[in-house]
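The structure under discussion appears below in the form of structure tokens.
The values are calculated or read from the model by the stated rules, or taken from the named source; none is laboratory data. Small disclaimer: the values here were computed from a predicted structure and weren't measured. Cβ atoms come from the backbone with ideal geometry, glycine included; neighbour counts cover every protein chain shown. Surface areas here come from the heavy atoms of the whole protein model, side chains and all, with no ligands, DNA or RNA. Shrake-Rupley method; radii C 1.70, N 1.55, O 1.52, S 1.80 Å.
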Amino acid sequence: MAAQETGTSPAPLRALAEAGLLALLVTAGVALASASFGLTGSRVATIFCVNLCAVIAFQVFSGNSGIVSFGHTAFMGAGAYMSAWLTMPGSMLRVTLPNLPGWLGGYELPLAASLGVVAVAGGALAIVSGLAVGRLSGASASIATLGFLIIIYSVLAAARDFTRGNQAFYGIPRVTDVVVATAAACLFILVARLYRESRAGLMLRAVRDNETAAAASGIDPVRMRRIAWVLSGALAAVAGALYGHMLGAFTPKDFYFDLAFSLVAMMIVGGMGTVTGAVGGVGLVMALQEGLQRLETGFVLGPVTLPSMFGLPVVGVSVAILLVLLLRPAGLFGRRELGLPGGLFGRRPARPAPPMPAPAAQPLRLSGVTKAFAGLVALNDVSADIPPGRITGLIGPNGAGKSTLVNSITGLSPVTGGNVALGTRRLHLGPPHAVARAGVARTFQNIRLFERLTTEENVIAAAVAAGLSLSDARAVAARELARIGLTPLADQPAGALPYGARRRLEIARALATGPAFLLLDEPAAGMNPEETADLAARLRGLPGERGVGIVLIDHDLGFVLSLCDRVIVLNRGEVIADAAPSAVQTDPAVLEAYLGTRASRAPIPATAEAIPDPAGKERTHAPS
Ligand code: ADP
Ligand code: MG
């Protein structure tokens, strides 16, 4: 029995219970090992738990951001040295590090107090390094973490007065015993699981799945990455301190590539998406390393005698990473958290969604919006007043600049000229998450969902980005999913939704931000006639119900004209008509634009002759 990758609601309660279960399993494993194998058993169990703490520290950042970090061993090294200074007696410290500034150490702090200080210092180091790392994503972020590791290693190795440089720093109290390590591992499991289901954790997982869509939903990707980096940096520093107090003596090399490789291997083999993956990965990789170490010196298997093979454990672990990446990229336990049966928690009782603040009834004013891509003017001096509480159509042949206009307004593709205002308030066109928070939501022509989150979580992520608590956001999500007809699919991962549902989920997610304006870029593209009619019915009531102004782009002119009381026509980046549908259909410039491009550009789904008579369609608004 396992919960969805992200667990169903009520998430924090469930996360707590499931973290408890995982912690219980780890504790039981430790107890069993200690009871069955005596000192060796408890020694291995201690190493397991310390490794687990370290891998969880990595996972908090990497699993939720999708960025593999090597830099966390740097926090570990810093934490190990710091805790050594704090816990060693002054007399001992004066012998090993005679030049260490007196205020830095020799306090003989108890372990718990020292770990507290180390956590704060690790967090502080992460705040500074996070200024840079948080700005990056993907491979460049991974490389930045590597750079961070190299810098900290070099500092530790060079600062001889503080660390003894490459000579062993010894005499550190060996206070990380099996009880301490197990307690720490249980605490780490709890913290990691609760963070994962928290508002910040959910928003970061949205960023991981699709940074552009997350920003368009009001989530600040840089801020979310920084929060995770700081939390995981603090955890890694504590894990490093525990490691140091287990070893009793170490050099900066003990916190360099070998350790980073080994911990990243554990995280990837287990699956970095989940805390369960950390537990499984540490167990499997340690078993593999242990087994291969025994074979390293050569062995006899029946008639075959194998010579010693130096480096076998490292090669074996590398092969394991390769196999996992090839055969099960999410890791062996990375898809789902070890879960409790959903029935234990039930669905949350229906509770009313908090009222969204009604958007101010102000127009969206475009003045002279211009966008040039090197050499190509995609938008040329576009001006229009888009009214609140109504649906305005935006049509034009392929390449006319419709999507570029949406990208420019929402800050995704900054304008090269002109400006946009909500009423009298100038919208600073970017960064995208700020435009979303200011009240302009959108959908994408090429659907962008948070694929690994559930349908419901996709919407919750947008609602928490607007400032709601998790429970209020859950209520809003329930309302928006019902509004758009997706309630039965709420617990499905978004990546598994059928096409039409994917388009509708984007709309529900955009509505959850409580927007003043909603820009829909071809929401009916690829839908069959029944789906399109259903969508039209759902959109028609929205402006009256929510006061939201909608800009509707679509190639299906029947669909657009039946819903709008005003249509703006773009061609080659310029507004060529801005009028009621009936006037637009007979406008010579519009006919020319459509007819002129019909032969050369496919696909033009509707030609001018095919523009239906809006008088024959259901309409809610009379042409103005
Ligand atoms: P529409 O949505 O109306 O079909 P687009 O806004 O996608 O049109 O494109 C308008 C024009 O801008 C096209 O000529 C397109 O090739 C160009 N364009 C769009 N995005 C970019 C970009 N990132 N770089 C260069 N040119 C672009
Ligand atoms: Mg487009």
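Points worth noting:
Here is a yes/no grid of residues against (1) closer than 21 Å to Leu194 by Cβ; (2) part of a loop (DSSP other than H, G, I, E, B); (3) among the aliphatic types (A, V, I, L, M):
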{"position": "Phe58", "(1), (2), (3)": "yes, no, no"}
{"position": "Ser62", "(1), (2), (3)": "yes, no, no"}
{"position": "Gly77", "(1), (2), (3)": "no, no, no"}
{"position": "Trp85", "(1), (2), (3)": "no, no, no"}
{"position": "Met92", "(1), (2), (3)": "no, no, yes"}
{"position": "Asn99", "(1), (2), (3)": "no, yes, no"}
{"position": "Ala113", "(1), (2), (3)": "no, no, yes"}
{"position": "Ala124", "(1), (2), (3)": "no, no, yes"}
{"position": "Leu131", "(1), (2), (3)": "no, no, yes"}
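- Options Phe70, Phe75: the member that is within 11 Å of Ala234 (Cα to Cα) and of a type outside the set (Val, Ile, Thr): Phe75
- Lone unmet requirement of (1) open to solvent by 30 Å² or more (accessible area, probe 1.4 Å); (2) within 16 Å of ligand 2 (Cβ to nearest atom) for Arg442: (1)
- Scanning the stretch 372-409 for residues that are away from ligand 1 (no atom under 13 Å from the Cβ) and hydroxyl-bearing (Ser, Thr, Tyr) turns up Ser383, Thr392.
- Hits in the stretch 516-555 (condition: within 16 Å of ligand 2 (Cβ to nearest atom) and either polar (S, T, N, Q) or surrounded by fewer than 19 Cβ atoms within 10 Å (Cβ to Cβ) (or both)): Ala525, Gly526, His555
- Listed conditions (1) surrounded by 23 or more Cβ atoms within 10 Å (Cβ to Cβ); (2) touching a Leu at 6+ places or on another chain (Cβ under 7 Å); (3) at pLDDT 95 or above; (4) among the small types (Gly, Ala, Ser) are all met by Gly122, apart from (2).
- Any hit, the stretch 267-282, residues being more than 27 Å from Ala112 (Cβ to Cβ), of a type outside the set (Gly, Ala, Ser) and more than 26 Å from the chain's Cα centre (by Cα): no
- The stretch 416-441, residues that are out of contact with any Phe, Trp or Tyr (no Cβ under 9 Å at 6 or more places or on another chain) and under 25 Å from Ala477 (Cβ atoms): Pro431, Pro432, His433, Ala434, Val435, Ala436, Arg437, Ala438
- Residue match in the stretch 534-542 (condition: hydrophobic (A, V, I, L, M, F, W, C), touching a residue at least 12 places away in the same chain (Cβ under 8 Å), under 27 Å from Arg503 (Cα atoms) and not in a helix (DSSP H, G or I)): no
- Candidates are the residues of the stretch 491-515 that are small (Gly, Ala, Ser) and open to solvent by less than 10 Å² (accessible area, probe 1.4 Å); the one that is farthest from Asp209 (Cα to Cα) is Gly500.
- Total residues in the stretch 356-388, condition among the small types (Gly, Ala, Ser), in contact (Cβ under 8 Å) with a residue 60 or more places away in the chain and more than 16 Å from ligand 2 (Cβ to nearest atom): 5
- For the stretch 15-63, filtering for residues that are of a type outside the set (A, V, I, L, M), under 25 Å from the mean Cα position of the chain (by Cα) and open to solvent by 10 Å² or more (accessible area, probe 1.4 Å) leaves 2.
- Any chance Thr73 is in contact with a Phe, Trp or Tyr (Cβ under 7 Å, 6 or more places away or on another chain) and in contact (Cβ under 8 Å) with a residue 12 or more places away in the chain: yes
- Every listed requirement among (1) over 23 Å from Leu563 (Cβ atoms); (2) within 16 Å of ligand 2 (Cβ to nearest atom); (3) surrounded by fewer than 20 Cβ atoms within 10 Å (Cβ to Cβ) is met by Asn398 save one, (1).
- Scanning the stretch 145-170 for residues that are buried (at least 17 other Cβ atoms within 10 Å of the Cβ) and within 17 Å of Leu104 (Cα to Cα) yields a count of 5.
- Selection count where residues are away from ligand 2 (no atom under 16 Å from the Cβ) and open to solvent by less than 30 Å² (accessible area, probe 1.4 Å), scope the stretch 405-432: 8
- Taking strands (runs of 3 or more DSSP E) as the structural unit, those lying wholly within the stretch 254-373 and holding at least 2 residues that are farther than 30 Å from Phe169 by Cβ, in contact with a strand residue (DSSP E or B) (Cβ under 8 Å, 6 or more places away or on another chain) and open to solvent by less than 50 Å² (accessible area, probe 1.4 Å) correspond to 364-373.
- So Ser232, is it out of contact with any Leu (no Cβ under 7 Å at 6 or more places or on another chain), assigned to a helix (DSSP H, G or I) and surrounded by 22 or more Cβ atoms within 10 Å (Cβ to Cβ): yes
- The set of residues in the stretch 171-182 that are open to solvent by less than 40 Å² (accessible area, probe 1.4 Å), part of a helix (DSSP H, G or I) and of a type in the set (A, V, I, L, M, F, W, C) comprises Val178, Ala181.
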